[in-house]
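First comes the structure, then the notes that go with it.
Each value in this text was obtained by applying a stated rule to the coordinates, not by laboratory testing. Note that this is a predicted model, so its numbers are computed, not measured. Neighbour counts run over all protein chains shown; Cβ positions are idealised from the backbone, glycine included.
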Amino acid sequence: MATACYDCVVIGAGPAGCTVAALTAEAGLNTLLVEREQLPRFHVGESLMPETYDTFDRLGVLNTLKSSKFVRKYSVAFVGRTGKESQPFFFKDHDPRERSQTWQVERAQFDKMLFDNAVAKGAKGRDQTRVLDVTFSGERATGVVVQNNGGDKVTIGAKVVIDATGLSSLLASRLGVKVVDPNLRKAAIWTYYRGAARDPGDHGGATIILHTEDRKSWFWYIPLQDDITSVGVVADNDYLLKGRGTPDETFAEELARCPGLTGRLAAAERVDKHRVAKEFSYTTSQSAGDGWVLVGDAYGFIDPIYSSGVYFALKSGEKAADCIIDAVNSNDTSGDKLGAWQDEFDAGTQWIRRLVAAYYNEQFSIGHFMKEHPQHRGNLTDLLIGRIFHEGAGDIFDDMDEFICKTTSAKSLVDAKS
């Protein structure tokens, strides 16, 4: 028997969960937000897309971000296998408004800010509270079984259960709707440095994506506050983690193959251990069912390359919250009602998925593509900003697909002659 009952129980206090909790509580729904760890807590995924602006504005946290010490992000850049950097993509060149800058965030501070904001808007927040199970009556979710840090177990009823548990995707895994992407079986090894080189001016806060010489892996380079830089290498899971040495050794081997990065780290000091994540790219076959919703990484995760993870978490949380509010107020918490946001969300995020696929094609180069098709610079910047939920967002891909086909065919011809 449930000892309490809420309109919404949100599992996981990352960006998606906190967004849902803040908006549903603000709309008057009785909302419980639970997080298994003690906040603040470490999490990777530090780089934001500028299109987070609208969600931050709606949540009421823009002024907090503006007054924070988080590093400002005005641009992104790509570095090829030889170490040559492409012309940076400055967001303000495409859109001079304030919304074209964003932040590089330490997730412990950032997620705690969102959690506190949800509580301030009326959600009941509990960290150090583990969800052991989601209860069902037939196919309808009816609540959760939680355990607090004292070991006590309590059953809590809910009209809607929201899974925002990130890559662990508690509910999606239980229901068998999680599908690993067979084309993106990637792994990452990352760590943090103090004193890494930064470019002067506004480009100093840029996210930089760097290829290794053989293009079997790529590195992210994300400047954070207090002279700390997040540096991670991503590659196929089997290549990076199987038949190699320790994560420290593998990271060092890949770093030696990245001429664009070795100079940036020449005077830097590593200040953290090497961390590992693997096979993090997946989709789910549905976003909602009767009495339950998946948001953020629990709904799906593409790839870290374009820093879309936090943006998609915030946006899916916002879109899902609107459907949840409507569903509870209309006393119809069916899967169709709760998942009405999915089609629009998927229609936009497919373009980032397409861009990721292009990057992992060994014959594709963003720099070469832009030289041949400079008319698409604005469209590509839109994708890098996250401006994807509009007609025409995918206009670049006809020419990009043709470019990839042409360069692939040319390489095949050279290989055949040799």
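Data for the structure
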quantity: Two-site FRET efficiency, K273 against K242, from Cβ-Cβ distance with R₀ of 22 Å, rounded to 0.05; calculated: 0.60
quantity: Long-range lysine pairs (8 or more apart or interchain), segment 186-278, Cα under 13 Å; calculated: 4
quantity: Length added when fully stretched, H373-N183, from 0.36 nm per residue minus Cα-Cα; calculated: 65.7 nm
quantity: Positive-end residue, segment 122-209 charge dipole about Cα centroid, Cβ charges, pick of W190, S169, G150; calculated: G150
quantity: Length-normalised contact order of the chain in % [C-alpha pairs under 8 Å, at least 6 apart]; calculated: 20
quantity: Whole-number percent relative contact order across segment 186-278, with pairs defined as alpha carbons under 8 Å at least 6 apart; calculated: 44
quantity: Cα centroid separation - segment 206-282 against segment 67-115, whole Å; calculated: 19
quantity: Additional length obtainable on full extension of the chain from N331 to K66, 0.36 nm per residue less Cα span; calculated: 91.5 nm
quantity: Rg ratio (alpha-carbon, reference 2.2 N^0.38 Å) - the chain; calculated: 1.00
quantity: 11 Å beta-carbon shell around A206, net charge (K/R +1, D/E -1); calculated: 0
quantity: Sequence-separation-based contact order of segment 295-418, relative, with Cα cut under 8 Å and 6+ spacing, percent; calculated: 22
quantity: Farthest toward positive dipole pole in segment 10-107 [+1 Lys/Arg, -1 Asp/Glu at C-beta], among T52, A16, Q101; calculated: Q101
quantity: Fraction of the pair-distance distribution of segment 192-297 above 19 Å, Cα-Cα pairs, percent; calculated: 52
quantity: Estimated inter-spin distance, C405 and R58, nm [label 7 Å along Cα→Cβ]; calculated: 3.8
quantity: Modelled FRET efficiency - R0 22 Å, Q350 with R174, Cβ distances, 0.05 increments; calculated: 0.25
quantity: Proxy reagent accessibility, fewest Cβ within 10 Å first, across C18, C323, C8; calculated: C323, C8, C18
quantity: Rounded to 10°, Cα long-axis angle of helix 247-256 versus longest principal axis of the chain; calculated: 40
quantity: Gain upon complete extension [V44, D343; 0.36 nm per residue less C-alpha separation]; calculated: 104.9 nm
quantity: Cβ-Cβ FRET estimate between L255 and A120, R0 fixed at 45 Å, reported to 0.05; calculated: 0.55
quantity: Nitroxide proxy distance, nm - points 7 Å out along Cα→Cβ at D227 and R194; calculated: 0.8
